[in-house]
Amino acid sequence: MLPFKLIYSDDYYLPIGSHVFPAEKYRCIHQRLLETGIAEPHDFLEPQPASDQDILLVHTPSYVHKLRTGTLSAREELEMEVPFSPELVRAFWLAAGGSILAAQHALTDRVAVNIGGGFHHAFPDHGEGFCMIHDVAVAIRRMQRDDKIRTAMTIDCDVHQGNGTAAIFAGTRVPTDPLPSVAGPTHGARPARLRNAHAGDVFTISLHQENNYPAWKPPSSIDVDLPDAIGDDDYLAWLDNALSSAFRQFEPDLICYVAGADPYREDQLGGLNLSIEGLKRRDELVFRAAHARDIPIMVTYAGGYARKVEDTVTIHSNTVLAAKEIFAKKS
Ligand SMILES: [Zn+2]
């Protein structure tokens, strides 16, 4: 039995038909975790959908109304890049409920994994990039509303920048120059860039491929703009660097790790060059950072578009394995 909970529902499946987003991945991960013995049936908790009240902690009343009444404009539906249906609305409300449950259990068990969620391209007033509702932001705002946490840090390792996260938590940030102590590795002729800004009550970190969606990247507290085709060692050095810099500036009550599988070298929508093993080392690095500081961490899955769906499933399953290895140790 795992020393933490996995949040999952068969209804995480997104009814979007034939799509580059492998909507079946959640069911496959659930199955893989059981088949490999990484998890047992009673390690899983079934979430309830978030309430509209929870969703409204992040999203605007007019956007929520449009989703509830099916009155998005054609342009808004196009921007979301997934076909609207009431069933899809239910799946996103459920993912948000799952992230709330994961955040709650992270506070008691030090870590919890939502086998879904991570819809970091959703904005308060619109959805985009396959994301309708920002489940992670909803979970953070709900935990703050319940006085369970005061501050949070998002660590977004999806290959695409967390533009929704950055916009939602823009708060009182004031842009600053990169810290003089920041000196990361370089790749080829052009180094990756680390941009840094002061945070409000939620400190946002995004490590992403610069030359990729979204074209407009609103500033996170720390953005690491990675060049194309960066490999395991350079990526991990940049991540380590960003985490060290972040924890020098900010002590969160909760970490929200967005563990996208799409920095993988075989990803159809990514242009980085990480191996499956490198992605597991990435997860270990993030978990070790949380564990060493005794900060609760909740995990969501975000993107993953490997040519072979089983690779995406392996990468996401390895995230649970990495948590098991790090958090099995006595703190
Ligand atoms: Zn992505």
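The values are calculated or read from the model by the stated rules, or taken from the named source; none is laboratory data. Everything numeric here is computed off the predicted structure, so don't read it as measured data. Here the Cβ is made from the backbone with ideal geometry for all residues, glycine too, and neighbour counts use every protein chain on show. When the accessible area is computed, the model is the full protein with side chains, heavy atoms only, and any ligands, DNA or RNA have been set aside. Shrake-Rupley method; radii C 1.70, N 1.55, O 1.52, S 1.80 Å.
What to note about this one:
- Looking only at the range 295-312, and only at residues there that are of a type in the set (A, V, I, L, M) and within 16 Å of the ligand (Cβ to nearest atom), the one that is most open to solvent (accessible area, probe 1.4 Å): VAL309
- Positions within the range 81-108 being among the acidic types (Asp, Glu) and in contact with a Gly (Cβ under 9 Å, 6 or more places away or on another chain), in sequence order: GLU81
- Single match in ALA237, ALA292, ALA215, ALA229 (criterion: open to solvent by 20 Å² or more (accessible area, probe 1.4 Å), under 22 Å from CYS131 (Cα atoms), of a type in the set (A, V, I, L, M) and over 16 Å from the mean Cα position of the chain (by Cα)): ALA215
- Residue tally, condition on the phi < 0 side of the Ramachandran plot and either among the polar types (S, T, N, Q) or more than 14 Å from the chain's Cα centre (by Cα) (or both), over the range 87-131: 25
- Counting only helices (runs of 4 or more DSSP H) wholly contained in the range 1-78, the ones carrying 1 or more residues that are more than 20 Å from HIS121 (Cα to Cα) and touching a residue at least 40 places away in the same chain (Cβ under 8 Å) occupy 25-35.
- Residue within the range 9-27 that is hydrophobic (A, V, I, L, M, F, W, C) and modelled with pLDDT of 95 or more present: no
Rundown of residues vs (1) in contact with a Ser or Thr (Cβ under 8 Å, 6 or more places away or on another chain); (2) farther than 22 Å from ILE115 by Cβ; (3) more than 14 Å from the ligand (Cβ to nearest atom); (4) charged (D, E, K, R), yes/no style:
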position	(1), (2), (3), (4)
PRO214	no, yes, no, no
SER221	yes, yes, yes, no
LEU226	no, yes, no, no
LEU236	no, yes, yes, no
ASP262	no, no, no, yes
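- All strands (runs of 3 or more DSSP E) inside the range 90-206 with 1 or more residues being modelled with pLDDT of 95 or more and open to solvent by less than 10 Å² (accessible area, probe 1.4 Å): 111-114, 152-156
- Hey, SER317 more than 16 Å from the chain's Cα centre (by Cα) and away from the ligand (no atom under 16 Å from the Cβ) or not: no
- Only listed residue being touching a residue at least 40 places away in the same chain (Cβ under 8 Å), within 17 Å of the chain's Cα centre (by Cα), under 30 Å from ASP146 (Cβ atoms) and within 15 Å of the ligand (Cβ to nearest atom), chosen from LEU207, LEU243, LEU254: LEU207
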